[in-house]
Each structure stands twice: as structure tokens, then as C-alpha cells.
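Novice: Have a look at the structure that comes next, please.
The values are calculated or read from the model by the stated rules, or taken from the named source; none is laboratory data. Keep in mind that this is a model prediction, so the values were computed, not measured. So basically every Cβ, Gly included, is an ideal-geometry build from the backbone, and we count neighbours across all protein chains shown.
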Amino acid sequence: MSRPLPSPWTEETIVRRTPTQVALVTATALTLVACGGGGDDKDSQPPSAPTGLSVQAGSALSAHVMWEAAKDNVAVSGYVVYRGDTKVKDVPPEKLMIDITDLKPSTAYSFSVRAKDAAGNLSPHSEKKPVTTPAVTAEDKEAPAKPTKLRGRHDGSKGAELTWSAPGKGQGITSYDILQGGSKIHSVSGDVTTAKVTGLRPGTDYSFTLQARDAADNTSPASAPVKISTPKGPGDDPDTAPLSFEVARHKSAEDGAYYLDLSWLPPKVDGEVPSYEIHLNGKLTTTLVWGNKAPVGKTTESVFAGKKPGVSYKVKIRAKLPDGEWGSFSPEITMVTGEAKS
């Protein structure tokens, strides 16, 4: 149901709903009114254990831990990383890797990961993976030279393979960090010059760069970028826009304000859609983020549109896809408060 709202907000506001933990981030004066939803207070089933754990010494003082997503009957709400039997990090559900810092040089460690849900259930531990940090040269403050000759090609419609040349002998490189659009997405050992990137989207352009890191945690400048386009595979849906997007309106009997009633189906992509952006008149108005399980069927939301009749709004939405990229916009629909739909 719609409810009265305060006067238009001029600063970013976060509204959280519990127990479904839906976060509404409002960027401009118009505010999203989220209705319905409810958690399962009787959820006693823990998530599955994370799989595919890998651990790479990033430097003498850090380790890079990665894993594959766990599954839950409702939704995974986060991950817990352990060093031995000690909890060291809480990680949000959308992240599947973390750098563990403040380690000691020339020291053996083991890491594991558990998944958790909103009801507090913890999964079994993943397998434990050992790693030994390298020694560090005292007072080493010089970063390695940047990697050169970064090359890449698509590996099917959802992956890429990268190759590069090491910057030369005597650099003391312990790991290479792979960045996509400026964000670190993977790390590999310093004694290799190839890497595979998975979880990409078919029919999409990507840009990757590479940084070298030494035992003292000094990081090189980024390499020149390499651009890779993934092809559309058989059966891949090229349209990443939300489906069956519709806009209606109503006037609240409680406060006399008009509301735009949005409904849509998620795009047909491989995985859950974690959030949506709502744009009014060409500008971002609201970001809708699910902190729990994202809806898989029809979604309905209402947007506060003020009390003045005859105001025209052009409405469109887009989804944030499982690989972190934003999908295509829905068709733009025009709605006028207090007037017939145009």
C-alpha cells in the first residue's frame, strides 16, 4: 500500500525493510514506496557450503581468497571467512572474494569460508586451503614495473583468457591482480603469465588491465588495457532489459498524492538480479536493492509523484545483472498524474 511521505528529500536516503532487508536508495526528490514482502521467521535450513575455494598469497602480508556462490532455500545473506578456526572477515553476498591483510611473512596459513542466511543459519565450512606467505625484503618500497603485452580473447560466450609478459627479472613479483573497469576481479600467482576470467555476459564488451604486486605489497602501475567482446552463444537472450514493463497510477485517499505504479518481470539472464534503477524524465531517481532473495516473478513498486495533477513523467528502468554490469533500459513509458495515459 502507498503511504504518506515527507516533503521531497534533497540528500541520499537509505530506507531498510526488515525482515526482507530491502534497501531503497533515493538519489533525488522523488521517493520510492515499497510495499509488501515478508521474511520466513521459521527458516532453519542452512545454506550449502561454498565450493571452488582458492587461496593465493598476494604478498608477504596478504592473501587473496576466492570461492563460488553457495545456495540456500531462501537466500544467502553473506559469507564468513576463517583463518584456521578464527573468523577474520564478513563479506556481503554479492562478493565472492576478499583480500586478507595483516599477515606475517614466511608463515603458513589455512583459510575456509562459510555461507550464512538472514535467519542466522551458517553453512558447513568449505574445504580448507593452505597458503604460505613469501619472505619480504626489508625496507622494500619500490613497486615492480608494469606488465606488458597484455593480450586477450574470449573463451566461449561467458569467459575470457588473458596472457601477458612479465616485466623482467629481479622484480620480485608474487602475484598479478586482474582488473575489470578499474575494479579487481581476480588474482593469480606471480610465476604465471596467463589467467582465465569467468562469469562474463554473452554479447558484451569488456576492458581488462593488469597490475603486478611484490612481497612487500608494492603494486605496479596498470598495464595498457585489452578489450574483449564475448560472442552471443546459442540460446543466449540478447535483450537484458526488464520484461513486460508497465506503468499505471493511482491517487491516495490518505494523503491526496499521486503515485506511479510500476510492474515488470526480471530479464532472462543467468542468475539473480540484485538491483534495479528507476529513471524519471531521463534522470536516475531511485535504486532498488534487495538485501535478501530477489523476486523471480512479477515485481510491483509505487513511486511518489506529488500532489499536483497534470504532471507528465517519462519512466524507464534497468537491471543490474549478475556480472555487475547494467543491462539495457526498458521501453520508456509516459504517465500523466490525474490524466489519461498517453
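Each row is one residue, and each column tells you yes or no for (1) modelled with pLDDT of 90 or more; (2) surrounded by 13 or more Cβ atoms within 10 Å (Cβ to Cβ); (3) part of a loop (DSSP other than H, G, I, E, B).
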position: GLY233; (1), (2), (3): no, no, yes
position: SER244; (1), (2), (3): yes, no, no
position: VAL247; (1), (2), (3): yes, yes, no
position: GLU254; (1), (2), (3): no, no, yes
position: LEU262; (1), (2), (3): yes, yes, no
position: LYS268; (1), (2), (3): no, no, yes
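Novice: Further, regarding this structure: Surrounded by 13 or more Cβ atoms within 10 Å (Cβ to Cβ), free of Cβ contacts under 8 Å to residues at least 40 places away in the same chain and either assigned by TED's automatic domain parsing to the domain that holds GLY58 or aromatic (Phe, Trp, Tyr) (or both): is that true of TYR206 in this structure?
Specialist: no
Novice: Then there's this: What number goes with the only condition from (1) basic (Lys, Arg); (2) outside any strand (DSSP E or B); (3) closer than 27 Å to LEU162 by Cα that LYS196 does not pass?
Specialist: That leaves (2) as the condition not met.
Novice: Moving on. Would you be able to tell me the number of residues in the range 74-110 that are farther than 17 Å from LYS293 by Cβ and either in a strand (DSSP E or B) or not assigned by TED's automatic domain parsing to the domain that holds SER59 (or both)?
Specialist: Qualifying residue count, the range 74-110: 17.
Novice: Additional query: Can you find, within the range 52-66, the residue that is surrounded by the fewest Cβ atoms within 10 Å (Cβ to Cβ) among those that are assigned to a strand (DSSP E or B) and small (Gly, Ala, Ser)?
Specialist: Within the range 52-66, the match that is surrounded by the fewest Cβ atoms within 10 Å (Cβ to Cβ) is GLY52.
Novice: Additional query: Every residue in the range 67-91 that is surrounded by fewer than 19 Cβ atoms within 10 Å (Cβ to Cβ) and touching a residue at least 60 places away in the same chain (Cβ under 8 Å), please.
Specialist: VAL74
Novice: Report, by residue number, each residue of the range 155-183 that is among the polar types (S, T, N, Q), in a strand (DSSP E or B) and touching a Pro at 6+ places or on another chain (Cβ under 9 Å).
Specialist: SER165, THR174
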